[in-house]
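See structure below.
The values are calculated or read from the model by the stated rules, or taken from the named source; none is laboratory data. Note that the coordinates shown come from a computational prediction; the quantities given were computed from them, not determined experimentally. Cβ: placed from backbone, ideal geometry, glycine included. Neighbour counts: every protein chain shown. For accessibility, only protein heavy atoms count, side chains too; no ligands or nucleic acids. Shrake-Rupley method; radii C 1.70, N 1.55, O 1.52, S 1.80 Å.
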Amino acid sequence: TMGEAHEPSPQASLAVLSKVELRVSCKHLLDRDTLNKSDPCVLLLMQSQGQWTEVDRSEVIKSNLNPVFAKIFTVDYYFEEVQKLRFEVYDSHGHAGVGTHDDDFLGGMECTVGQIVAQKRVTKPLFLKYGKFAGKSTITVISEEISGNNGYVELAFRAKKLDDKDLFSKSDPFLEIYRIDDDRSEQLVYRTEVVKNNLSPIWEPFKVSLNSLCSCEEKRKLRCVVWDYDSRGKHDFIGEFFTTFEEMQKAMGENKVQWDCMNPKYKIKKRNYKNSGVVVLLDLKIHRVYSFLDYIMGGCQIHFTVAIDFTASNGDPRNSCSLHYINPYQPNEYLKALVAVGEICQDYDSDKKFSALGFGARIPPKYEVSHDFAINFNPDNDECEGIQGVVESYQSCLPKIQLYGPTNVAPIISKVARVAANEERTKEASQYFILLILTDGVVTDMADTREAIVRASYLPMSIIIVGVGNADFTDMQILDGDDGILRSPRGEPVLRDIVQFVPFREFKNASPTALAKCVLAEVPKQVVEYYSYKAFPPRCPRAETPDSNLSSPQ
């Protein structure tokens, strides 16, 4: 029967998305510059459909053949996919940016996200073109997963009265923070910008994840070092101090924490040496990062609305060629798509009631065209009981309506958006709306639809469009912002990418779960993006997981 799951719903696949932080360092790079050493920069490329595209790049480190890059590359990790990565190291020439000329290429390395995640640390030789080794050059990539109970912290540092290391001007200080790991090795967490010619610098505030700062352990030791910048890469040591995240937290609110910046050599040599300056933590803010499951387990309901295309291009429902033909033995494509996606959504909705709307038909009693009618013909309550209720309303409304046109979907998007806007005013993560639009053709009101989607991207909703039948759906791909950012007719971009478009024919012979998995894959990310942007936490937070020993100062 319709409405009963034939396979376990692939909820597991919704939860696998996690993010991984990658840090890169190199050793023994080739020296491409005649007068001084290479100025290396790393590009990260990812492969999709056989093409390599640049995803991100590191900062340039001046005059250094053994660079440790401060840049953290963040990649989404999918357990069920092979994700190929390529790291390319180039010698950069200041103003012109990174040239991708052969003579600036210091070597490349390929691996998969899975390899780095499994090994946590990968060191491989760098290769030039045609498989030639780049001398003894190696690249090391270290990975850390950003877990759900993790958050990030915003820190603002300044220093006062630092030692002057320069003859004719004042020092050019920058600060580095290292985490000291269990094996006593040090991991660079962050490197600030250089403040020129200033012994009491104020550095820009910055954010780091708690995972990278202290592996989510408040008592883990951190080493902070202040340097005087030198353009030839020979930075002068000003001083250092040790601290913990626990100690840093005293800087919350109005308080400040300060440390003596010490140079151990001076301490031994100079009799009344006090310090080489002080470093002050002006402010510390903790931000929690939540996962999709945190919101769901905190009681966020997913409300599901389905909108069905009743335009004349579908063909007369009494004719077996029609996309709306009711075949007693085999559900049509509209029903197949509706059931596949609805089966999964209903697990996240406690009242199991679905709004079901139709558009593009003339409806009783006056047979005027409507673009947002309830298919149960109850204007006060368009909800049906479960997927089965939607299927029954669909079958009983077909004989009562006249298929007509045009294909306008903006009215339905706006209708759901109005409900979502009321929900938004509660300022809690209590209801998120998914609109499933089933249509056989290209939208007629494209400009209005783009405008409606841009508006909706600011609300707790996502839109899934399934193209039914064999029409040319090229124009519909524009709405799915994957290959560029969708903009309103006035040029305003969407706040978040909330539309997923799929032609049903690509799944005709696959199991219903494959269609559902494809169209719902983006939803968890969209839910988290929306509530993070709004800074709404989950409603009744789950108990902290036992392995997290970071108390949550909220």
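Table for the structure above
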read-out: Counted residues, segment 132-182 - those being assigned to a strand (DSSP E or B), among the polar types (S, T, N, Q) and crowded, with 20+ Cβ neighbours inside 10 Å; value: 2
read-out: Qualifying residue in segment 403-414 (condition: within 33 Å of the chain's Cα centre (by Cα), part of a strand (DSSP E or B) and assigned by the TED database to the domain that holds PRO328); value: no
read-out: Some residue of segment 380-387 being part of a loop (DSSP other than H, G, I, E, B) and touching a His at 6+ places or on another chain (Cβ under 7 Å); value: no
read-out: Residues of segment 43-85 satisfying the condition of being in a strand (DSSP E or B) and in contact with a Phe, Trp or Tyr (Cβ under 6 Å, 6 or more places away or on another chain); value: LEU44, LEU45, ASP56
read-out: Selection count where residues are among the β-branched types (Val, Ile, Thr), surrounded by 19 or more Cβ atoms within 10 Å (Cβ to Cβ) and at pLDDT below 95, scope segment 440-455; value: 1
read-out: Unique residue being β-branched (Val, Ile, Thr) and open to solvent by 50 Å² or more (accessible area, probe 1.4 Å) when the list is ILE238, ILE202; value: ILE202
read-out: Single unsatisfied condition, PHE433 versus (1) modelled with pLDDT under 95; (2) outside any helix (DSSP H, G or I); (3) closer than 26 Å to SER532 by Cα; value: (1)
read-out: Given (1) in a loop (DSSP other than H, G, I, E, B); (2) more than 35 Å from the chain's Cα centre (by Cα); (3) loosely packed, with under 15 Cβ neighbours inside 10 Å, number of the condition ILE268 does not satisfy; value: (1)
read-out: Members of segment 423-448 found to be among the polar types (S, T, N, Q) and more than 19 Å from ALA356 (Cα to Cα), listed by number; value: THR426, SER430, THR444
read-out: Scan of segment 354-379 for residues that are free of Cβ contacts under 8 Å to residues at least 60 places away in the same chain and of a type in the set (A, V, I, L, M, F, W, C), ordered by number; value: PHE354, ALA356, LEU357, PHE359, ALA361, ILE363, VAL369, PHE373, ALA374, PHE377
read-out: Scope segment 508-533; condition part of a helix (DSSP H, G or I) and free of Cβ contacts under 8 Å to residues at least 60 places away in the same chain; matching residues; value: ALA514, CYS518, GLU529, TYR533
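So that you can scan it fast, the table gives a plain yes or no per residue for (1) modelled with pLDDT of 95 or more; (2) more than 18 Å from GLU154 (Cβ to Cβ); (3) of a type in the set (Ser, Thr, Tyr); (4) not in a helix (DSSP H, G or I):
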| residue | (1), (2), (3), (4) |
| --- | --- |
| GLU218 | no, no, no, yes |
| VAL226 | yes, yes, no, yes |
| SER231 | no, yes, yes, yes |
| GLU246 | no, no, no, no |
| LYS250 | no, no, no, no |
| ASN255 | no, no, no, yes |
